[in-house]
């Protein structure tokens, strides 16, 4: 029964993250600077930096647990 609850909460988390992603996307589309070429490049670079940092931190945390 506990496994079912975990899967249910993970499913709800997935649905919620889709709603948040869609809302953030729509809000960013309303900012004129984000639709310019420089805004797109800036968001791409920011996304790459945050992704790279998050991956490094996840690996660092995983090494401490092992």
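Every number here is computed from the coordinates shown, using simple stated rules; none is lab data. Source: prediction; values computed, not measured. Glycine also receives a Cβ, built like all others from the backbone with ideal geometry; neighbour counts cover every protein chain displayed.
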Practice task
Would you mind stating whether residue 13 is under 15 Å from the mean Cα position of the chain (by Cα) and in contact (Cβ under 8 Å) with a residue 12 or more places away in the chain?
Solution key: no
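Within region 27-61, which residues are part of a loop (DSSP other than H, G, I, E, B) and loosely packed, with under 10 Cβ neighbours inside 10 Å?
30
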Exercise for the section: Kindly indicate which of 19, 8, 28, 44 is touching a residue at least 12 places away in the same chain (Cβ under 8 Å) and out of contact with any strand residue (DSSP E or B) (no Cβ under 8 Å at 6 or more places or on another chain). Expected result: 28
